[in-house]
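S.K.: Mind looking over this structure? Questions follow.
Computed from the coordinates by the stated procedures, all read-outs in this text should not be read as laboratory data. Because the structure is a prediction, the values reported are computed rather than measured. Heads up, the Cβs are rebuilt from the backbone with ideal geometry, glycines too, and the neighbour counts pull from every protein chain shown.
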Amino acid sequence: MYNRVVLKLSGEALAAGRGFGVDGDRVHEIAGEIAEVRDLGVDIAIVVGGGNFFRGVAEQAKEMDRVSADHMGMLATVINALAIQDALEKCGVHARVMSAIEMHQVCEPYIRRRAIRHLEKGRVVIFAAGTGNPYFSTDTAASLRAMEIKADVLLKATKVEGIYDADPVIKTDAVKFEQITYMDILRLGLKVMDTTAVSLCKDNNLPMIIFNMNRPGNIRRVISGEKVGSLVTA
């Protein structure tokens, strides 16, 4: 159903419930699912968070200067991106890490045309270091990169089934939205993605699908057009 997608992964997804660090088995499971999608002929780019190591707005950073803390968070995303790249290449998938902060010995700098060329050659591109700017989350980076590479959809992998009117972990009677508009997310103050990311998708009419990453095969199901998770459109 989709020819080119951006998949947003949280850093916590790589920690497999441990809260900190990278769980090797979990990363290889995710890489296997991404490889399966790549074999369908879909161009796939990944934006990964860094919350399993450091988050600029977390409790651990409250005494720090916000700019310094955000830069530390960006570097954490590079660690995660390299872990995903390694796991993908072990699955036989060519992958490239492109960082918004230049570090030539470790990965390529982000250059839009080069990223598109990698995708056209069948490589998976992993965007690291967010947008390269403090005060912007990796959700916003995912929205921005999706627009830049002309992706058909932004997929956000979470630990719940989709978008709810309340936190389903806390409220068992929370109601799930099968489909919702950007404006409703902003109006209801739903904590799906930060408001900058949602506004960016709204202004450029980029559809988003929020789905549960912890169910095996869900990435393929979403890309194949099955009704999985919550669809966000205009």
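S.K.: Take each uninterrupted DSSP H stretch in the chain, measure its Cα extent along the helix axis, and return the ones at 18 Å or beyond whose mean Kyte-Doolittle hydropathy is at least 1.6. Spell out each step's value before the answer.
M.R.: Details: long enough: 24-39 (22 Å, -0.59); 66-90 (37 Å, 0.42).
None clear 18 Å together with a mean of 1.6.
S.K.: Short version: what are the Cα gyration tensor semi-axes of the range 4-233, square root of 5 times each eigenvalue, largest first, in whole Å?
M.R.: Working: eigenvalues 116, 92, 64 Å².
For the range 4-233, the semi-axes come out at 24, 21, 18 Å.
S.K.: Under 9 Å from the Cβ of GLY162, count the other residues' Cβ atoms, weight Lys and Arg +1, Asp and Glu -1, and hand me the total. If you can, show how the numbers build up before the last one.
M.R.: Working: positive: LYS176; negative: GLU161, GLU178.
With Lys, Arg at +1 and Asp, Glu at -1, the neighbours total -1.
S.K.: Quick check: Cα centre of the range 90-131 to Cα centre of the range 218-234, how many Å?
M.R.: Going from one Cα centre to the other spans 25 Å.
S.K.: For labels at GLU226 and ASP194 in the simple 7 Å Cα→Cβ model, what's the distance in nm?
M.R.: 3.3 nm
S.K.: Take the alpha carbon atoms of the range 57-84, find their center, do the same for the range 1-35, and report the distance between the two centers in whole angstrom.
M.R.: 18 Å
S.K.: State, as an integer percentage, the relative contact order of the chain based on alpha-carbon contacts under 8 Å between residues 6 or more apart. Before the final figure, lay out the partial values.
M.R.: On the way: 475 pairs, mean separation 51.1, N = 234.
That works out to 22 percent.
S.K.: Peptides 67-73, 114-120, 196-202, 99-105: what's the order by average Cβ count within 10 Å, highest mean first? Walk me through the intermediate numbers first.
M.R.: On the way: 67-73: 18.0, 114-120: 16.3, 196-202: 20.7, 99-105: 14.4.
Output ranking for 67-73, 114-120, 196-202, 99-105: 196-202, 67-73, 114-120, 99-105.
S.K.: Related question: Between LYS121 and GLU59, what FRET efficiency comes out of the Förster formula 1/(1 + (r/R0)^6) with R0 = 45 Å and r the beta carbon distance, rounded to 0.05?
M.R.: On the way: r = 42 Å, r/R0 = 0.94.
For R0 = 45 Å, the calculated efficiency reads 0.60.
S.K.: Under a cut-off of 27 Å between alpha-carbon atoms, report the lysines in cross-link reach of LYS90, not counting same-chain residues fewer than 8 places apart.
M.R.: LYS8, LYS121, LYS156, LYS159
S.K.: Still on this model: Determine the percent antiparallel among the DSSP beta bridges restricted to the range 4-233, to the nearest 5. Before the final figure, lay out the partial values.
M.R.: Values: 5 of 33 bridges.
Here the share of antiparallel DSSP bridges comes out near 15 percent.
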